[in-house]
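Notes follow once the structure below has been shown.
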Amino acid sequence: MNGDKESIFQKMWKREGLRAEIRAINALAIKQWKVEFSYPLSVLWFIVMPFLWFIPMLIAGNAVVGGSESAALGELVGTTDWLSYIAIGTAFTGLAMSMFWGTGMSFRREQSVGTLETLMTTPMKRSTIVWGSMMHNLQHGGLGVILQLVAAVLFFGVTINAWGILPALAIVALSILALQGIVFALTCIVLLAKQGWMIIEFISSALMLVAPMAYPIAILHPMLQYVSVASPLTWTVESFRGFLMYGFAAPGIMTAIVALLILDVIYVVVGILMFRYTERYVRRKGALSQF
Amino acid sequence: MTIADTIIEETPHAGSLYLDSFKPRLMDWTAARVFAAKNLKIAMRYPANFLIWGVLPLLWLAPYVLMMTALGGPGTSTSFTELSGFNDFVKFAIIGWFVYQYVDASIWSVGNNFRYEQFSGTLEPLFVTPVPRISILTGAALSDSIQTSISAIVLLISASFLFGVSYALTAIAPIIVLLLMMILALYGFGFMVAGMILVFKDPSVLTQFVDTALFTVSPVNYPLQALPTQARYVAYLVPSTIAIIVIRELAITGVFELGQFLSSATGLGITILFFWLVGIASFKYAERWTKNRGSMGGF
Amino acid sequence: MTLTVNAVEIENLTKTFISIRRRAIVVPVEKKRVEALKGISLDIPQGKVYGLLGPNGAGKTTLIKCLATLVLPTSGTARINGYDILRESTHARASMGVCQGNERSIYWKLTARENMIFFAKLYRMPHNEAKERADELLGRMELLEKADEKTEKLSHGMRMKIVFARALIHDPPVLLFDEPTQGLDPTFATDLRKYISEKLSDKTILLTTHYMHEADLLCDKIALINEGEVKSFDTPKALKKAVRDYDSLHIRVEGKPDIETIKKMDSVMSAAITSKDGHAEIIATSHDGYELAHRLLNHLHELPGIRVEHFEVKEPTLDDVFLQLTGRRIED
């Protein structure tokens with residue numbers, strides 16, 4: 001009985017390394033899909049959510065503009081095509097929201113039902129759990145972005161520059177690290193605070209407010225504009241939209257890329273340090289399971 | 001020993017002070033009050049609530065105002081004035097958000113209350129007490145109304161201050177009357193949502209869906225005229241639509257007209273009746289549904 | 001893989017929980033210290049089964065959680081399979097399988113097979129291998145027929161079997177079982193014990209329990225813990241031998257007699273009482289159980305409101321050992 005059984009353990013031992021962590025990340029992402037799809041309504045919500053969020057903005061925009069060209073927006077950002085401007089800008093909301101919310105909430109859920117402890121006894125790195133969750137949310141949110149953009153093109157006559165699609169994806173990839181830094185921080189909040197979701201709602205709403213989803217940041221109070229410059233969302237949304245509207249001719253791309261690279265480093269380092277400290281703190285308190 | 005234990009242990013004829021005086025009632029106001037007080041007490045134990053109540057709605061409102069300003073130019077646009085009859089769309093939107101807070105709460109809070117009880121395992125013990133379910137729901141709704149009023153007023157004051165708008169206070173009395181009637185109608189609506197949550201279990205998805213749909217057809221940021229014709233009819237199925245329109249007009253113009261007030265009060269009265277009937281019926285149905293499947297305490 | 005003689009080495013492990021209570025923002029904080037572990041040392045040689053026996057709150061679960069790297073100890077350390085739980089925690093985790101007697105430690109929304117495959121992948125197995133291993137273990141647990149049903153639809157016993165199988169997924173040399181049979185119906189519990197003693201004979205196992213017969217049946221050695229300390233540590237046989245010269249007297253009565261009076265009676269070595277629903281169970285040890293029974297029954301007979309329902313003189317059990325050492329019963 002020892003022969004092949006021991007080899008299971010030995011094989012696992014030899015597989016240590018990045019590949020093993022990636023395998024774990026994938027398994028975590030797939031598991032999350034399965035858990036999500038066992039709630040039938042979440043499937044429906046997932047399909048209609050991107051449209052639903054966009055529609056009231058569309059109606060409000062239409063009410064103040066009264067046509068397809070907004071002179072006020074033209075003065076601010078150089079294009080009068082307000083519909084494309086907000087459709088592409090808010091498409092990114094779905095992704096950001098699912099990144100901000102997904103991880104914290106799944107941690108919370110696992111913590112309250114008791115599976116978090118089981119995950120913590122496996123030999124993957126502790127932060128792998130957060131990366132796995134990010135992978136899921138990226139897939140989830142990414143599908144949302146695609147759905148909303150397709151809907152915007154099909155139903156609302158938004159035009160997208162096909163040349164910009166790949167560079168826009170590259171921008172998303174570039175922003176992942178910085179966004180993940182925020183996610184690490186939000187996960188810490190969930191692990192530490194009783195009402196973590198309220199704080200997440202607060203932080204993510206604040207980040208959405210200062211992000212140029214449906215308006216340029218020039219419209220914000222000067223103080224908020226400073227906050228906005230420090231947020232990775234600002235640069236991501238601007239260049240994501242820039243590429244999709246103008247292709248390679250998008251303005252200000254280099255600045256955005258440099259800013260994103262700098263923010264990537266800062267956010268992910270701070271986020272991981274916070275997570276490491278919090279994870280140890282929670283274990284010292286023995287609070288991984290109880291709440 | 002809890003009341004429920006007493007009932008189980010005693011035979012129906014054994015008699016006790018409690019049982020002799022016990023009469024099944026349609027509505028138990030004491031229970032509703034006790035439940036509301038309990039909820040408020042729990043809410044007070046979470047100090048972050050107070051911060052959040054004041055600030056979050058502002059964070060949701062601001063993007064709309066900012067977007068409208070970016071697209072239509074600061075403060076006013078000819079298109080908006082033609083459509084709605086009001087000059088200032090910021091002033092228009094803020095009072096709309098103020099009233100809509102109550103709709104938001106009626107969708108979220110009642111359901112979340114249930115979810116809270118379900119999660120903490122207190123839902124089943126609550127349901128074995130001989131208190132009419134509607135009383136528990138009403139209690140939850142009462143405590144939520146108090147919390148919502150605080151946050152809605154904070155929102156109104158802070159948003160008015162930040163965006164530099166002001167409202168007429170001359171017609172405050174009819175505004176309060178209409179607001180109260182609307183809250184009452186929303187209770188019925190909340191019962192319906194509570195029933196749906198009992199059945200569907202996952203409130204985050206369901207309530208978000210309902211909330212977004214209602215928000216879209218409600219005249220919060222834009223007048224009903226901005227909606228396609230069919231959507232306007234749907235808007236009148238939301239118990240708050242009449243109230244938002246009339247309260248907004250009263251708050252912006254400050255002019256009170258008895259005729260208009262009476263007709264909107266009548267409209268709200270009908271809404272109250274309709275939503276209470278539908279709400280109670282659908283909650284009862286949902287309760288039976290979960291009991292048949294025995295899935296009340298589950299996740 | 002490091003080879004050591006002892007698969008588990010626990011070195012002076014302590015854990016103090018400090019909970020801070022803040023009554024109001026202005027009032028200074030109130031600190032409450034709970035010493036859950038007061039310096040535990042224990043070595044488990046390879047292939048042995050050791051048991052931690054003690055009442056609820058004795059520190060058993062805290063010890064298991066420290067070893068499982070879920071709780072950080074305040075001082076001291078431990079090595080699993082030669083790996084330090086603090087400095088080499090990833091390797092330590094890879095070396096052990098942990099089964100907490102909690103049916104919530106798997107995903108109810110996934111099927112049994114999906115759960116197993118998921119966890120197998122966290123233990124670095126590729127998909128096909130994970131599938132094979134999942135089926136192998138589910139087969140051994142006689143769960144293959146139910147493998148594709150959502151876990152929430154299964155019975156408590158079946159879920160516990162999955163939790164148990166999950167801990168074996170990577171065939172680890174060390175297993176930590178925290179109350180593995182708690183709340184299981186007797187047939188399931190017997191199956192599980194049989195599995196542990198027959199199929200896991202090459203594993204090093206540390207298990208906590210508050211069922212004496214389970215510890216007696218499974219363990220090579222038993223550590224009796226109370227209030228975070230090891231009170232006694234030996235083989236079940238030796239532990240029982242220590243009290244073999246005594247008889248243990250069990251009396252069930254209606255009402256609740258005063259235990260202090262009983263403790264003071266001649267020839268009583270130790271006595272404890274548990275009461276529930278108006279009935280009480282007295283356990284007393286003495287050199288001569290029958291002689292004590294005679295006097296004790298007479299004493300109880302004279303007390304108002306007390307009616308003896310049942311009495312028995314028994315061979316000593318681990319519970320009696322525990323009682324003798326701590327003055328507490330395990331199932332308190």
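Identify all residues within the range A:240-291 that are more than 14 Å from chain C (Cβ to nearest Cβ), in contact (Cβ under 8 Å) with a residue 40 or more places away in the chain and hydroxyl-bearing (Ser, Thr, Tyr); write none if there are none.
Residues satisfying the conditions are A:Tyr246, A:Tyr267.
If you take just the helices (runs of 4 or more DSSP H) that sit entirely in the range A:106-217, which of them hold at least 3 residues that are more than 14 Å from chain C (Cβ to nearest Cβ) and either among the hydrophobic types (A, V, I, L, M, F, W, C) or buried (at least 23 other Cβ atoms within 10 Å of the Cβ) (or both)?
Passing ranges, in order: A:126-156, A:165-192, A:196-209.
Out of the range C:77-134, which residues are in a strand (DSSP E or B) and among the polar types (S, T, N, Q)?
C:Thr77, C:Gln100, C:Thr111, listed by residue number.
Table: residues versus (1) within 14 Å of C:Asn226 (Cα to Cα); (2) outside the structural domain of C:Glu254 (by TED's automatic domain parsing); (3) at pLDDT 75 or above; (4) touching a Cys at 6+ places or on another chain (Cβ under 6 Å).
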position	(1), (2), (3), (4)
C:Arg295	no, no, yes, no
C:Leu303	no, no, yes, no
C:Arg307	no, no, yes, no
C:His310	no, no, yes, no
C:Leu323	yes, yes, yes, no
C:Asp332	yes, yes, no, no
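Only helices (runs of 4 or more DSSP H) wholly contained in the range B:172-255 count here; list those with 2 or more residues that are away from chain A (no Cβ under 13 Å).
In the range B:172-255, B:172-200, B:229-235, B:241-253 are the helices (runs of 4 or more DSSP H) which contain 2 or more residues that are away from chain A (no Cβ under 13 Å).
Going by the structure shown, is C:Glu198 surrounded by fewer than 18 Cβ atoms within 10 Å (Cβ to Cβ) and within 14 Å of another protein chain (Cβ to nearest Cβ)? Give the derivation first.
Details: surrounded by fewer than 18 Cβ atoms within 10 Å (Cβ to Cβ): yes; within 14 Å of another protein chain (Cβ to nearest Cβ): yes.
Answer is yes for this residue.
Which residue is modelled with the lowest pLDDT, if the candidates are limited to the range B:182-210 and must be closer than 11 Å to B:Phe114 by Cα and among the β-branched types (Val, Ile, Thr)?
Looking at the filtered set, the residue picked out is B:Ile197.
Out of the residues in the range B:71-86 meeting the condition of being of a type in the set (Ser, Thr, Tyr) and part of a helix (DSSP H, G or I), tell me which one is nearest to A:Ala63 (Cα to Cα).
Here is the first cut: in the range B:71-86, the ones of a type in the set (Ser, Thr, Tyr) are B:76-79, B:81, B:84.
Next cut, part of a helix (DSSP H, G or I) only: B:78-79, B:81, B:84.
On the way: B:Thr78: 10, B:Ser79: 7, B:Thr81: 9, B:Ser84: 9 Å.
Here the residue is B:Ser79.
Restricting attention to the range C:207-262, which residues are buried (at least 20 other Cβ atoms within 10 Å of the Cβ) and under 20 Å from C:Val174 (Cα atoms)?
C:Leu207, C:Thr208, C:Thr209, C:Glu214, C:Ala215, C:Leu218, C:Cys219, C:Ile222, C:Ala223
Could you tell me whether any residue of the range C:279-289 is part of a strand (DSSP E or B) and closer than 14 Å to C:Leu53 by Cβ?
no
Mind listing whichever residues of the range B:227-268 are surrounded by fewer than 14 Cβ atoms within 10 Å (Cβ to Cβ) and either in contact with an Asp or Glu (Cβ under 6 Å, 6 or more places away or on another chain) or of a type in the set (Val, Ile, Thr) (or both)?
Scanning the range B:227-268 gives B:Thr229, B:Val255, B:Thr266.
If C:Glu142 satisfies all but one of (1) in a helix (DSSP H, G or I); (2) surrounded by fewer than 23 Cβ atoms within 10 Å (Cβ to Cβ), what's the number of the condition it fails?
Of everything listed in (1) in a helix (DSSP H, G or I); (2) surrounded by fewer than 23 Cβ atoms within 10 Å (Cβ to Cβ), C:Glu142 misses just condition (1).
Scanning for something free of Cβ contacts under 8 Å to residues at least 12 places away in the same chain, within 16 Å of A:Met99 (Cα to Cα) and surrounded by fewer than 20 Cβ atoms within 10 Å (Cβ to Cβ), does the range A:222-235 turn up at least one residue?
Checking the range A:222-235: not a single residue is free of Cβ contacts under 8 Å to residues at least 12 places away in the same chain, within 16 Å of A:Met99 (Cα to Cα) and surrounded by fewer than 20 Cβ atoms within 10 Å (Cβ to Cβ).
Out of all the residues in the range C:91-118, which are within 7 Å of chain A (Cβ to nearest Cβ), under 12 Å from A:Met12 (Cβ atoms) and not charged (D, E, K, R)?
If the condition is that a residue be within 7 Å of chain A (Cβ to nearest Cβ), under 12 Å from A:Met12 (Cβ atoms) and not charged (D, E, K, R), then C:Ala94 is the only one that fits.
A quick yes/no check of all residues on (1) closer than 28 Å to B:Val220 by Cβ; (2) at pLDDT 70 or above:
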site: A:Asn2; (1), (2): no, no
site: A:Glu6; (1), (2): no, no
site: A:Ala20; (1), (2): no, yes
site: A:Lys31; (1), (2): no, yes
site: A:Ser38; (1), (2): no, yes
site: A:Ile47; (1), (2): yes, no
site: A:Trp53; (1), (2): yes, yes
site: A:Pro56; (1), (2): yes, yes
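The values are calculated or read from the model by the stated rules, or taken from the named source; none is laboratory data. Since the structure is predicted, the reported quantities are computational estimates derived from the model, not experimental observations. Cβ: placed from backbone, ideal geometry, glycine included. Neighbour counts: every protein chain shown.
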